[in-house]
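Okay, so here's the structure we're looking at.
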Amino acid sequence: TTGFTPAQTSQWVDGFIATVERAEPELTDLDRRSGDGDFGTNMTTALRRTRDALVRNPPRDLGDPFETMSTTFLSYSGGTSGPLFGMWFREFAKAARGGEEFGVGELTEATANGLATIQRLGSAKVGDRTMVDAIAPAAEALERARSDGADLAGAVDAALEAAQRGAKGTSELLGRKGRSSYVGEAALGAADPGALTIALFFQAARVVVGR
Ligand code: ADP
Ligand code: MG
Ligand code: MG
């Protein structure tokens, strides 16, 4: 395939919800070590509402699953990460809107715009120990994949690998933004849960288009 079909963006979002729910205890524990311990609860609360909203209003086009998730995060989630994720998913909805398929171009555009929006709102740079440390390398990997003419599975793989590497790397960083900046060295050894969640988002995409 050259792009995610509407059924596949739907599977992607459903898979993401399920994966994050499974990872909830680990994500919460990481936030306990690097922040205040509410990350997993913040995420699962919003994701459960997303699932309810998707049941009430089943997605009808390519962007609907992202749109629903975005709206839910923007309206209901607590914590710093909620609105940031809401804006991240919004860029996926925007890139998908009106299209038949969500291909390498849309994926690259959504990720680049998501990075720009999150940095505009939260002003975190690479190395500050936030979700930006997973998004920025994924955005770079996607630009490269697109200019190399990679197919969809190749591009998703590249983004996933870059996001995972970036997320793992946060365990060696001192926080400079958000609550982890109050924790200092105590956070060393624990990865940033927001960055890991971005990696889980690309992992859910990988499951859908995996070779
Ligand atoms: P809170 O810190 O308010 O309890 P959450 O626990 O919901 O919020 O979210 C914490 C996550 O938010 C972190 O793991 C980090 O990835 C992300 N984060 C915090 N501050 C920023 C920021 N300025 N820019 C981008 N992401 C951030
Ligand atoms: Mg927290
Ligand atoms: Mg909090």
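The values are calculated or read from the model by the stated rules, or taken from the named source; none is laboratory data. Keep in mind the model is a prediction, meaning the values are calculated, not measured. Cβ coordinates were reconstructed from backbone atoms using ideal geometry, including for glycine residues, and neighbour counts include every protein chain displayed.
Things worth noting here:
- Close contacts from the range 180-208, counting a first residue that is on the phi > 0 side of the Ramachandran plot and a second that is small (Gly, Ala, Ser), with Cβ to Cβ under 7 Å and a gap of 6+ residues or different chains, come to Gly189/Ser171.
- Within the range 94-131, the set of residues being touching a residue at least 60 places away in the same chain (Cβ under 8 Å) and β-branched (Val, Ile, Thr) comprises Val104, Thr130.
- Near pairs, Cβ below 7 angstrom, 6+ apart or cross-chain, from the range 21-44 (β-branched (Val, Ile, Thr)) to any residue that is near ligand 1 (Cβ under 7 Å from one of its atoms): Thr28/Phe39
- Count of residues meeting criterion [within 11 Å of ligand 1 (Cβ to nearest atom), of a type in the set (A, V, I, L, M, F, W, C) and not in a helix (DSSP H, G or I)] in the range 30-72: 0
- If you filter the range 1-43 down to residues that are of a type in the set (S, T, N, Q) and under 19 Å from Arg60 (Cβ atoms), you find that the one that is surrounded by the most Cβ atoms within 10 Å (Cβ to Cβ) is Thr9.
- Residue match in the range 128-147 (condition: more than 16 Å from ligand 2 (Cβ to nearest atom) and part of a loop (DSSP other than H, G, I, E, B)): no
- Qualifying residues in the range 65-99 (those that are among the charged types (D, E, K, R) and out of contact with any Ser or Thr (no Cβ under 8 Å at 6 or more places or on another chain)) - the one modelled with the lowest pLDDT: Arg97
- Any hit, the range 153-167, residues being at pLDDT 95 or above and among the polar types (S, T, N, Q): yes
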